[in-house]
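One structure is given here, and the rest of the page talks about it.
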Amino acid sequence: MEKKLILRGMLSGLAAGLLAFVFARIFAEPQIDKAIAYEDGRAEAQHALDHAAGLVAHAHEHEVFSRTVQANVGIGVGIVAFAIAIGGLYAVAFTAAYQRVGAVRARTLALLVALGGFVTVFLVPFLKYPASPPAVGDDETITERGALYLSLVAASVIVGVLTVMLGRQLRARYSAWTATLLAGAAFLVAVGLLYGFLPSFGSLSVGSPDTDIPQPLLDPDGNIVFPGFPADVVYAFRLYSVGAQLILWGTLGLVFGPLAQRLLEPAAAKARTGSPASLAVESATGTAS
């Protein structure tokens, strides 16, 4: 049963990844093109300033793959492969939750697990370290930022699991609504502590100054020779990043729910049909054989 659910989760991830790729290709990729164009233009302006000052210019690094390949095959394979992997893990989480919850339909649980995955795997880390287009962020800190981001993802998932466990414990003493509110408040407090403990990187953290966004390039006399990075590109890129993740997790929950229900609920329906109460109903209505 578990293997069948995981397979359905991976298939759902495939569908979610394809839809997310289409969205990202249409909306997010143009923002990346604008960022790369800015980066190239700024590099040319910096080269001209260095040449005028008699400085040795650094050789331009050639890309292994063209921009066309990156924007189509590269991002497509990356998103779909990620979505399939997430779909398998999502199915594992669904299976673990399904064995422990009460009278919750498979479709409803699938959407709840997808919502929890969106919040813990993406939204919480994103609010601390939001995605940024090329040319934004210090290249020297990319390894450290990546490690911190993955650490926050792991910590967020752990906090989410503990929050669910806390909510179940609180339901023994309080109503379901009160237990949910208390567990949600505990989750927010824990996330706030994580945000305060982990370091920030300028504009890569919500509420921080835009120190990682390139400012206007100036010549020795203080004149602007190239403008700063356009803020609207950063905003649009991050907005579309959220949109792509919403599509991915939403599609995952909507597609996996019916697939899981068809697999899980026939057994439950058969058990209900074979019960004495159901047999009595069938006899009274003339449907029993």
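Key figures for this structure:
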| item | result |
| --- | --- |
| Sequence ranges 134-143, 114-123, ranked by mean other-Cβ count within 10 angstrom, highest first | 114-123, 134-143 |
| Relative exposure of 5, 14, judged by other C-beta atoms within 10 Å (fewest first) | 14, 5 |
| Largest-first ellipsoid semi-axes for segment 108-174, taking √(5λ) over the Cα gyration tensor eigenvalues, angstrom | 32, 13, 8 |
| In nm, spacing of pseudo-spin labels at residue 73 and residue 188 (7 Å Cα→C-beta vector) | 4.8 nm |
| Ranked list, fewest to most other Cβ atoms within 10 Å of each Cβ, for 105, 171 | 105, 171 |
| Kirkwood Rh in Å, taken over segment 101-234 so that all alpha-carbon pairs contribute | 17.6 Å |
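Values in this text are rule-based calculations from the coordinates and carry no lab data. Worth saying up front: this structure is predicted, and the values here are computed from it rather than measured. Every residue, glycine as well, gets a Cβ built from its backbone with ideal geometry; the counts of neighbours run over all protein chains shown.
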